[in-house]
Structures are given as structure tokens and as C-alpha cells.
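Here the structure is laid out as C-alpha cells; the discussion comes afterwards.
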Amino acid sequence: MNDFIIGHIRTWVPMVVGFGVTWLARNLNVVIDETTSAELTMFVSTAVSGAYYLAVRIAAEKVPVLGVLLGYNQKPAYLEAAN
């Protein structure tokens, strides 16, 4: 699989996890008022996605097989641009 696809998989999987966690919280009847609902949902989704990515990257440094939790175990290898 090429590095472009691998990079996108490893970017989108944490976002999907963040969405899933916020969706689950909503369906578990976690109630917030209407005026802050959209902003809080965006913040929590972003924070959960970022925290998930960071936690998996740190864990994968110690146990490489955990890299699969980003959707693909292999890190993309980008080439240096020629100047």
C-alpha cells in the first residue's frame, strides 16, 4: 500500500474513534444545554481524537503491533522534497 493511503488511514481512524466516543456519550443520555451542545461536541470529538492518536503512537513505540489501532501498522515514509 502506498504511503499516501497509509497516511490517510492513520489520520482518519483516530477521527472516527473520536466521533464514535462522542456518539456513544450522546446515546448514553449525557445531557448538555442546547447553547453549548455544538461547540462542546466539536471540542470533545477533537480532544478525544487527538488523545487517542497520541496514546496509540506512544504505546506503539513500546509495543509496535499496537500501531494497528491507527488503522494500519506501518508508518508512512515520506520522501524529502528536492530543492
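The values are calculated or read from the model by the stated rules, or taken from the named source; none is laboratory data. Worth saying up front: this structure is predicted, and the values here are computed from it rather than measured. Ideal geometry is used to build each Cβ from the backbone, glycine not excepted, and the neighbour counts take in all protein chains shown.
Of the residues examined, LEU70 is one that is closer than 20 Å to MET1 by Cα and of a type outside the set (Ser, Thr, Tyr). The residues in region 10-27 that are closer than 11 Å to ALA47 by Cα and either aromatic (Phe, Trp, Tyr) or in contact with a strand residue (DSSP E or B) (Cβ under 7 Å, 6 or more places away or on another chain) (or both) can be counted, and the count is 1. Filtering region 1-15 to residues that are assigned to a helix (DSSP H, G or I) and either basic (Lys, Arg) or under 14 Å from TYR78 (Cβ atoms) (or both) leaves ASP3, PHE4, ILE5, ILE6, GLY7, HIS8, ARG10, THR11. Consider region 22-65 and keep the residues that are exposed (fewer than 13 other Cβ atoms within 10 Å of the Cβ) and either in contact with a Cys (Cβ under 8 Å, 6 or more places away or on another chain) or assigned to a loop (DSSP other than H, G, I, E, B) (or both). The one that is modelled with the highest pLDDT is VAL63. Looking at region 48-83, which of its residues are touching a helix residue (DSSP H, G or I) at 6+ places or on another chain (Cβ under 8 Å) and within 12 Å of VAL17 (Cβ to Cβ)? Scanning region 48-83 gives VAL48, SER49, GLY50, TYR52, TYR53, VAL56, LEU69, LEU70, GLY71. Does ALA60 satisfy the condition of being out of contact with any strand residue (DSSP E or B) (no Cβ under 7 Å at 6 or more places or on another chain), farther than 20 Å from ILE5 by Cα and small (Gly, Ala, Ser)? Answer is no for this residue.
Evaluation of VAL44 against the conditions (1) within 14 Å of the chain's Cα centre (by Cα); (2) within 27 Å of PHE4 (Cβ to Cβ) shows that the sole unmet condition is (2).
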